[in-house]
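Written below as structure tokens is the structure these notes are about.
Just so you know, all these numbers are worked out from the coordinates, no wet-lab data involved. What you see is a predicted model, and the numbers here were worked out from it, not measured in a lab. Neighbour counts run over all protein chains shown; Cβ positions are idealised from the backbone, glycine included.
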Amino acid sequence: MMTTPYSSQKVISLACDLLLEWTGFSLRETAPQRIAETFGRRAQRLGYDDPMAYLNALRDLPPTADEPQQIVNLITNGLTAFWRDTPQLSALRSVLRHLHAPNTLEPIYIWCAGVSTGEEAYTVAMIADEESIPIEVLGTDVNTDFLETARRGIYADWSLRRLDPSRHHKYLSAVDGDHWRVDHSAFNDIRFAHHNLLNAPPSSRHPDQRWDIVLCRNVLIYFSDNATTTALCHMADALSEQGYLIFGSSEQIYPEDLGDNAPQLRPIRQGGGFLYRPGRSRTGQTIEPGRWVRENDAPLPHIEQPIDLGSLEETTSDVRDNNTVLTLLDTAAEHLGDGELELALACLEAALGYDPFQVECHCLMGTVLRSLGASQQAIEAFQKALFLHPDHWFAAHHTATIHRTTGDLDAARRAFRRTLDSLDISDDPLDTTHVLKDVIGSLARVRLQARRQAEAFLRQYGPIS
């Protein structure tokens, strides 16, 4: 652990530099002290003399090496769903109709950048199938765990909560009572690949290797200005001359605010959705539902407020505003007290965008996700907490009970053993939490309950094999 404020600050500075280099994420404005604690625990667990030795070793590794990739997977947010952000999906449907040439089998090439666990790519394919438009979709992400889920194509009810029953029945088949597999020929031309938006863009299979549509929703909000410029340049370069760039409903990109190196992009409005086109594309068309509206030849005016954000089905919090993680935790706790789980989840997601090293946020998010029936996402949240704090009995216990419920007895056995080992450590990580100890009630009672459940399970099913 750190011995002086100077050494702690040095760890924070170098860690922020590495995270910015690997992902484009900017944490320097918040400079969370938990970075020093996290890298200190990780260094100790891996046998390094101190955190600086660990960070210097990381600096010598490529971002795709195992240890850096684990950290990248930790700090990236993957909460999403099928049919998310209806206004932008409506804009996408209009774009597909416009780009499609009748009586041709030539597909429209679509790149879903920052695809997370894959729901967006499959949603895009559903829309294209409903319009009888051939497409090829590439979904990319920097998080390898997310890509495994995307390729597997099996989702729990929580991921399907916005999908209407007719589409659910048409495009997915049951795996068990709580999980569904994407199962339709519309998904045959979807592929997934690992990619970092700070690197050169992937090529499409079109002869010119460009993309007709690039979707990058709720990704750039975490980036520094320089990283945003780099990513925008890559995406703009990858677009065909008449291509379209689609962000999230609550995201607006102002290239003029990003410096001379930012690409020229023209905003295009479509009802409740909006998108961008390359500056080199033809002006004169704004997409509106059901009709085409001719404009003057001059570029479209700057969109200050394209829509009433309060009317959207969801919004994305700005991770660089003046709210603090503690304020977001307090608000999440209030929502939990009122039974507003989705609102609590939104606060926790915003808090982790502000500081992904906040163990308490991951634990609370796991608890909320479990209550919402999202067992796999809950396990991932608790696993992130355990990566940050390996002796966190609360995260280990919840992981164990989820595995027990889903029938994975070997995983449950390991997690219950870890629960007991962590409970035997004198320092309780919940003693220093901001709201978690209040949310769960009597800490002594919960600790005792966790110990009894772990001991009972291990008596019944035996020790770890």
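Once you have a ≥ b ≥ c as the square roots of the Cα gyration tensor eigenvalues for segment 364-465, tell me rounded if a/c is under 1.5, and otherwise prolate or oblate according to whether a/b is larger than b/c.
In terms of gyration-tensor shape, oblate.
Taking 60 Å as R0, compute the FRET efficiency from the Cβ-Cβ separation of Ala57 and Asp164 and round it to 0.05.
Efficiency for this residue pair is about 0.75.
Straight-line reach from Lys437: which lysines have Cα under 23 Å away, leaving out those fewer than 8 places along the same chain?
In chain and number order, the partners are Lys384.
Kindly provide log₁₀ I(q)/I(0) values, in the same order as q = 0.17, 0.19, 0.26, 0.29 Å⁻¹, from the Debye equation applied to equal alpha-carbon scatterers of segment 421-465.
-0.58, -0.68, -0.97, -1.08
Modelled label-to-label distance, Asp257 and Asp438, 7 Å Cα→beta-carbon offset: nm?
Taking the two extended label points, one gets 3.4 nm.
Mean Kyte-Doolittle of at least 1.0 plus a Cα span of 15 Å or more along the axis: flag which DSSP H helices in the chain meet both, please.
Length and hydropathy pass: 341-354.
Return one quarter of the surface area of the convex hull spanned by the alpha-carbon atoms of segment 209-274, equal to its mean projected area, in nm².
4.5
In the chain, if every C-alpha pair distance is counted and binned at 20 Å from zero, what percent goes to each bin?
Bin by bin from 0 Å, the calculated values are 23, 55, 21, 2.
Could you bin all the Cα-Cα distances of segment 95-162 into 10 Å bins starting at 0 and give me the percent of pairs in each, rounded to whole numbers?
In order of increasing distance, the bins hold 20, 45, 27, 8 percent.
Show me the GluC sites (Glu not before Pro) within segment 94-186 that DSSP assigns to loop and that have at most 15 other Cβ atoms within 10 Å of their Cβ.
Glu131
Output the relative contact order of the chain, whole-number percent, from Cα pairs under 8 angstrom with separation of 6+ residues.
12 percent.
Do any trypsin sites (Lys or Arg not before Pro) in segment 171-230 lie in a loop, going by DSSP, with at most 14 other beta-carbon atoms within 10 Å of their beta carbon, and if so which?
Sparse-neighbourhood loop trypsin sites (Lys or Arg not before Pro): Arg205.
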